[in-house]
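In what follows, a structure is listed as structure tokens, so that the remarks can point back to it.
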Amino acid sequence: QAPAAIYLDIGCADAGTGAPDGDRSRGISMWSTHLITPETDTSTHYHWCYARNYKLDDAETSRLLSEGGHLTFMEDVDILEIQQQAMLDRPGIPPVDINIDNGSMQVRRILSDLLLNE
């Protein structure tokens, strides 16, 4: 399986400063990149990083973002490991997708098509 990359562009600004129209000069931005590389059929390497344009010299902000991101992802790991075990325990049972799963459903379809065309 090929590695996947996800790029998130996050920001905020005061209302009325033009951010929805592309003028982000009076707001803050943070960019997050997620690199996902399958290791085996049931394990994956997940690397992530942040870049920001605010408080660049503030070690406390860097620490808070790093620790907060790590905590968030470790919570996800707990759930993903439980989901993986459930899938292994019940082979052949199709997943139940809900609207919030739309992005991952599209990725699965694309990967499935790519594998079929190999």
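The values are calculated or read from the model by the stated rules, or taken from the named source; none is laboratory data. Quick caveat, the model's predicted, so the values are computed rather than measured. All Cβ positions, glycine included, derive from the backbone under ideal geometry; neighbour counts span all protein chains shown. Note: areas computed on protein heavy atoms with side chains; ligands, DNA, RNA excluded. Shrake-Rupley method; radii C 1.70, N 1.55, O 1.52, S 1.80 Å.
Kindly report the accessible area of region 73-118 per residue (heavy atoms of protein chains, probe 1.4 Å, no ligands, DNA or RNA), in Å².
Details: 4270 Å² over 46 residues.
Per residue, region 73-118 has 93 Å² of solvent-accessible surface.
Before anything else, pin down the relative contact order of region 23-118: Cα pairs under 8 Å, at least 6 apart, normalised by residue count, whole percent. Don't skip to the answer; put the middle values down first.
Working: 42 pairs, mean separation 15.5, N = 96.
Answer for region 23-118 is 16 percent.
Return the distance in nm (one decimal) between the two label points of a simple spin-label model at ASP23 and MET74, each offset 7 Å from Cα along Cα→Cβ.
Distance between label points: 4.3 nm.
Could you look at the chain and say what percent of its accessible area is carbon and sulfur, using a 1.4 Å probe and all protein chains? Spell out each step's value before the answer.
Values: 5540 of 9530 Å².
Roughly 58 percent of what the probe reaches on the chain is carbon or sulfur.
Angle between the Cα long axis of helix 59-89 and the longest principal axis of the chain, 0 to 90 degrees, nearest 10?
Orientation of helix 59-89: about 10 degrees from the principal axis.
Using only helices, what value at 222 nm comes out for the chain when you add -39,500 (n - 2.57) per DSSP H run of length 4 or more and divide by the total residues, to the nearest 500 deg cm²/dmol? It would help to have the intermediate numbers written out before the result.
On the way: 2 runs with 46 residues, N = 118.
That comes out to -13500 deg cm²/dmol.
Does anyone have the angle between helix 102-116 and the longest principal axis of the chain? Alpha-carbon axes, 0 to 90°, nearest 10?
Approximately 50 degrees, to the nearest ten.
Alpha carbon centre of region 25-63 versus region 71-91: separation in Å?
Here the answer is 22 Å between Cα centres.
Looking at [x] 2, 11, 20, 22, 18, 13, 9, 5, 1, 0; [y] 2, 12, 24, 27, 21, 10, 3, 0; [z] 2, 8, 12, 17, 18, 14, 11, 8, 6, 3, 0, which value of P(r) over Cα pairs in 5 Å bins from 0, in percent comes from a calculation on the structure shown?
For P(r) over Cα pairs in 5 Å bins from 0, in percent, the calculated option is [z].
If R₀ is 22 angstrom, what is the calculated FRET efficiency for the pair SER112 and ILE6, using the beta carbon separation as r and rounding to 0.05?
Details: r = 19 Å, r/R0 = 0.84.
Working from the Cβ atoms, E equals 0.75.
Provide the packing ranking of 27-39, 81-93, i.e. peptides ordered by the mean count of other C-beta atoms within 10 Å per residue, highest first.
Numbers: 27-39: 13.9, 81-93: 9.8.
Averaged packing, sorted descending, gives the order 27-39, 81-93.
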